[in-house]
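No value in this document is a laboratory result; all are computed from the given coordinates. Please read all numbers here as calculations on a predicted model, not as lab measurements. For neighbour counting, all protein chains shown are included, and Cβ atoms are generated from backbone atoms with ideal geometry for every residue, glycine included.
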Amino acid sequence: MGTVLYLGTRNGVLTVAEDGGGWSIASHDLKGWEVTEVAPAPDDPRRVLAGTRGDGVWRSEDAGAHWSKPSYGRVAPGKVRCVTVDPHDPQTIYAGCEPISMWKSVDGGASWTEIESVRNFPSVAGIGYPVPIVEPHVRDITIAPDDPSTMYAALQVGYMLKTTDGGETWRLLDNGLDEDVHAIITDPRDTSHIYISSGGEGMRAGKASGRSLYRSLDGGENWLPIAMEFQNEYSVAFAYDPADPSVMYSAVANGNPGQWRNRDSGAEANLIRSRDAGQTWHELSASEEVARGFPEAIAVDPESPGRVFLATRSGCLFMSDDSGDSWTDLGVKTPEVANMKIAHV
């Protein structure tokens, strides 16, 4: 199949593949479920996990053509909001859930154990969420690339937790960052350098000094706002180039999604890039649909220098072969996108 994009959407999971010089939907399954995150296995890109908001974690062994639920009939996470495969052990999987809880599997998703220290963390009971139909949840889980015992968990809307002992104990990281953390990435060259995207709730409430993007140079103890060149204050996608982690991509939108729906101009987003590990940012030229529909997911191809994929929340896919300087519409329309990952199969 070559290069494939795995997409988690409001209506199932899709595999989009190269097809005779173009791109097309190779498969679309788990229809009717909101798929919040997809996670290909690092040792076998044809194996991919899909977290559903209501029916746990599903798995495909054939690049998304067929799906099964490994934990069928067993106690397991249900309303899943994020899925992370341990880069140190592909059989170890973490799932973050709604309401706030974290689960761990050491057998590829066949059986699960709750990491109760997350649900029982003192601040969790007081966390709320501004949208009535959504409960507080774990939005993202990131494992340090040099230490499987060090993990970060983004809480909605309650800042983030850090463990250095594999989840036995946690500490709250809340010094200088937005409380509405969406995505967490670590610099593989220096894992004390951590970056987050956020929804800007703290800025709107006057509690955070930045807008939507932050970085820490000391393992999350202290945070500094970045991308202050832009007034927009809502962000989700945050990615770096594996060939050069100093090159980073994100997007910032004007207001929150509820506001976008009430105006013709939509998200009014800026697609942005940094070439110096987040110190300075510049806007990239993209189509009106990118600005209106909002870049929800960005994936950088580790095998093709300069190739970047972008998926808008509105379900449009774009590709750049020059590190984001120009973009091509792939001509593929999908349901509303929540997450995207790239693989070579």
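One chain, two ends: Asp146 and Asp62. Fully extended at 0.36 nm per residue, the span grows by 27.3 nm beyond their Cα-Cα distance. With a Förster radius of 56 Å applied to the beta-carbon distance between Gln231 and Arg74, the computed FRET efficiency rounds to 0.70. Can you tell me how the chain classifies by the Cα gyration tensor, rounded, prolate or oblate, using a/c under 1.5 as the rounded cut? Rounded shape, in that the Cα axes give a/c under 1.5. Applying both filters, DSSP loop and at most 14 other Cβ atoms within 10 Å, to the trypsin sites (Lys or Arg not before Pro) of the stretch 1-76 gives Lys31, Arg74.
Express in nm, to one decimal, how much length is gained between Arg10 and Ser326 on full extension, taking 0.36 nm for each residue of separation and deducting their alpha carbon distance.
Result for the pair: 111.0 nm of gain on full extension.
A straight line joining the Cα centroids of the stretch 175-228 and the stretch 18-66 runs 30 Å.
Legend: calculated FRET efficiency, Arg171 to Gln91, from the Cβ-Cβ distance at R0 = 30 Å, rounded to 0.05, equals 0.65.
Between Glu303 and Thr191, residue separation times 0.36 nm minus the direct Cα-Cα distance comes to 38.1 nm.
A cut-off of 5 Å between modelled amide H atoms, ignoring neighbours fewer than 5 places along the same chain, links Ile272 with Ser250, Ala251, Val252, Leu284.
Measuring between alpha carbons in the structure, the pairs from Lys104/Lys207; Lys69/Lys341; Lys31/Lys162 lying more than 23 angstrom apart are Lys104/Lys207; Lys31/Lys162.
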